[in-house]
1. Taking segment 54-94 only, how many residues are more than 22 Å from THR217 (Cα to Cα) and either part of a loop (DSSP other than H, G, I, E, B) or over 22 Å from the mean Cα position of the chain (by Cα) (or both)?
2. For THR135, indicate whether it is touching a Phe, Trp or Tyr at 6+ places or on another chain (Cβ under 6 Å) and surrounded by fewer than 15 Cβ atoms within 10 Å (Cβ to Cβ).
3. State yes or no: is ILE265 in a helix (DSSP H, G or I), touching a Gly at 6+ places or on another chain (Cβ under 6 Å) and not charged (D, E, K, R)?
4. Mind checking whether some residue in segment 37-50 is hydrophobic (A, V, I, L, M, F, W, C), more than 27 Å from ILE121 (Cα to Cα) and surrounded by fewer than 19 Cβ atoms within 10 Å (Cβ to Cβ)?
5. Tell me which of these PHE161 doesn't satisfy, since it passes every other one: (1) in a helix (DSSP H, G or I); (2) surrounded by fewer than 15 Cβ atoms within 10 Å (Cβ to Cβ).
6. Just one of (1) of a type in the set (Val, Ile, Thr); (2) over 19 Å from the mean Cα position of the chain (by Cα); (3) part of a helix (DSSP H, G or I); (4) more than 18 Å from GLN23 (Cβ to Cβ) trips up VAL113, so point out which.
7. Counting just the residues of segment 252-268 that are among the aliphatic types (A, V, I, L, M), closer than 30 Å to ASP206 by Cβ and in contact with a helix residue (DSSP H, G or I) (Cβ under 8 Å, 6 or more places away or on another chain), which one comes out surrounded by the most Cβ atoms within 10 Å (Cβ to Cβ)?
Amino acid sequence: MRLLVAFLKMVRLPNLIFIALTQILFHYAIYYPLFKDAVSINSTMEFFFLVAASVFIAAAGYIINDYFDINIDEVNKPDKMVVNKVINRRWALLWHLALSGLGLIFTALAVDVMRQWYLIIANIACVLLLWFYSTTFKRKLLIGNILISVLTSWTILVVFFSKFSFADAFTYDGDNQVKFFRFAILYAAFAFLCTIIREAVKDVEDMHGDAKYGCTTMPIVWGVTVSKVYTAVWLVILIALLLVVQVYVLQFGWWIPVIYCITFILVPLAVFFYKLNKAATTKDFSALSNTIKLVMLTGILSMGLFYFYL
């Protein structure tokens, strides 16, 4: 039982549930109302293969991150360590390879290999990038933050590109396809911006352990003040984007999504902005990290509202 709990902690079970929930909501609350006639038993099965692929690849990424972060984690979060304390490093590496392999197998099962081969290539790239993120990129200035933000937005975009071939995705084939594309870009951008904000906050939170082992993250190279300004700029961009979306949505009379966004996304972001200015301790930045995670959750849950409007 102890090993099972440790394994679920190592693969970040709550985060995996969040990834699956994101893709399921995007499929059933956005895609399904727009393309009911195109949903078949086979397409539903392929979709769940795609979800499994995303979950397995993400789990493998979390494992390899812990595998290479043992020394840093001993400084930043010794009480939360699993690898080398409960699960042997060799077993962790084997689990990484096994889950990565399963993720690629399920990707192949989820797509039309002849028409959508690029999705297999893309997920192979995800596996490799997660490896190099753990070994190198996360210790470098900005590169790791941008990479993780792109990979987070990919969890939404991969669903879109699984429904349309790359060649067809950017050609006009009716209003519903345009709507689906806009929702994909909107939520992918939201995921990207929230993640890049959270990664910047996490860099400040973890800077003591990172500095000890030669990392060159933003707070180490440029200082905490610059990191806070950087975070604030991305936060302003996110808030501005959301306000523009609300104005656009209001012309359709969709009041409930607007009220939801203001209450559960924009207000928490405003609170985040206020607390960011005053943040000084590791505890403060940890609280900010949890706040932006909550905003990501409420943002993703907002997809459910559009089921009733599309």
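The values are calculated or read from the model by the stated rules, or taken from the named source; none is laboratory data. These numbers come from a predicted model, not from an experiment. Here the Cβ positions follow ideal geometry from the backbone for every residue, glycine too, while neighbour counts run over all protein chains shown.
1. Adding up the residues that qualify gives 14.
2. Spelling it out, THR135 is indeed touching a Phe, Trp or Tyr at 6+ places or on another chain (Cβ under 6 Å) and surrounded by fewer than 15 Cβ atoms within 10 Å (Cβ to Cβ).
3. On the way: in a helix (DSSP H, G or I): yes; touching a Gly at 6+ places or on another chain (Cβ under 6 Å): yes; not charged (D, E, K, R): yes.
It is true that ILE265 is in a helix (DSSP H, G or I), touching a Gly at 6+ places or on another chain (Cβ under 6 Å) and not charged (D, E, K, R).
4. Looking for residues that are hydrophobic (A, V, I, L, M, F, W, C), more than 27 Å from ILE121 (Cα to Cα) and surrounded by fewer than 19 Cβ atoms within 10 Å (Cβ to Cβ), one finds none in segment 37-50, hence no.
5. So the condition that PHE161 fails would be (2).
6. (3)
7. Out of the qualifying residues, it is ILE265.
Here is a yes/no grid of residues against (1) buried (at least 23 other Cβ atoms within 10 Å of the Cβ); (2) at pLDDT 95 or above; (3) under 23 Å from PHE48 (Cα atoms); (4) of a type in the set (D, E, K, R):
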| residue | (1), (2), (3), (4) |
| --- | --- |
| ILE156 | yes, yes, yes, no |
| SER165 | no, no, yes, no |
| ASP168 | no, no, yes, yes |
| VAL204 | yes, no, no, no |
| TYR213 | no, no, no, no |
| TYR230 | no, yes, no, no |
| VAL236 | no, yes, no, no |
| LEU243 | no, yes, no, no |
| LEU250 | no, no, no, no |
